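Everything below concerns the one structure shown next.
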Amino acid sequence: MDKEYAEYLLKKTREDYNLIADEFSRTRERPWEELKPLFDYYTKNREKILDLGCGNGRYYDLLKEKQIEYIGLDSSEKMIGSAKERYPGLNFQTGDALGMPFPDNFFDKVFSIAVLHHFPSERIRIKSLNEAKRVLKKDGLLILTVWKFHERKEMLLLIKYTLLKLIGKSKLDFKDILEPWGKKADRYYHWFSKRELARLFGKAGFRVQEAGVVRNKKGNRQNIYIIAEKT
């Protein structure tokens, strides 16, 4: 992908989430229950935890029973505003996942839920993983999820943008789509396979401990997850 266009998509994603922040928060009041085991199993008391791309902060609900030092970071100012209203007193910050305002070797765990698929181009995705690795302590874990495309509307969009790419009418990479959020925004997504995601982590120097797919009870929501260690 052209570097200038990738930078445009990054800026667009932040602006899109500012546009839909209120509606997004109303429709995302609770954490996804199927991800609860990831938070339960991979966190311990007295750890420093970063919620990277925290949105309205809803995943703190899966951590609040533990004695942890929690920080939420998101590029959308309005999403951070929602998080601060929801959890006054917690540490929420507006910031860039590609250049985080934290020292090296600072966090025990970094959670990144449904964020990486918003980063355009492999170059930027690897840069974001390297930045997460930088702020992790040695042997720290990055627990990350991305959407697993499986619904008909997603497949149709994938076909649409593949055809546009083939005839030279799209600047997106193959397996990229723009998905409408009503009439307010067309959000950028990259379609990941589990194999591609694991390969990307390898390029960034992580050791993948586990990879799999989690589904909600209805099966209409699916996410690929990766547990990766900083070595």
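Some notes on this structure:
- Strands (runs of 3 or more DSSP E) contained in segment 58-145 and holding at least 1 residues in contact with a Leu (Cβ under 8 Å, 6 or more places away or on another chain) and either among the polar types (S, T, N, Q) or more than 30 Å from Lys203 (Cβ to Cβ) (or both): 91-94, 107-113
- Remark: Lys84 falls outside the filter, which requires a residue to be at pLDDT below 95 and not small (Gly, Ala, Ser).
- Among the residues of segment 73-104, just one is closer than 11 Å to Ser25 by Cβ, in contact (Cβ under 8 Å) with a residue 12 or more places away in the chain and either surrounded by fewer than 17 Cβ atoms within 10 Å (Cβ to Cβ) or acidic (Asp, Glu) (or both), namely Arg86.
- Hits in segment 31-81 (condition: under 23 Å from Pro103 (Cβ atoms), more than 14 Å from the chain's Cα centre (by Cα) and hydroxyl-bearing (Ser, Thr, Tyr)): Tyr42, Thr43, Tyr60, Tyr70
- Filter pass, Thr27 being hydroxyl-bearing (Ser, Thr, Tyr) and over 28 Å from Asn220 (Cβ atoms): no
- Residues in segment 142-163 include none that are under 22 Å from Ile68 (Cα atoms) and either over 20 Å from the mean Cα position of the chain (by Cα) or surrounded by fewer than 16 Cβ atoms within 10 Å (Cβ to Cβ) (or both).
- Qualifying residue in segment 16-34 (condition: modelled with pLDDT of 95 or more, over 21 Å from His117 (Cβ atoms) and buried (at least 21 other Cβ atoms within 10 Å of the Cβ)): no
The values are calculated or read from the model by the stated rules, or taken from the named source; none is laboratory data. Note that the structure is predicted; figures quoted are calculated from it, not measured. Backbone-built Cβ (ideal geometry, glycine too); neighbour counts: all protein chains shown.
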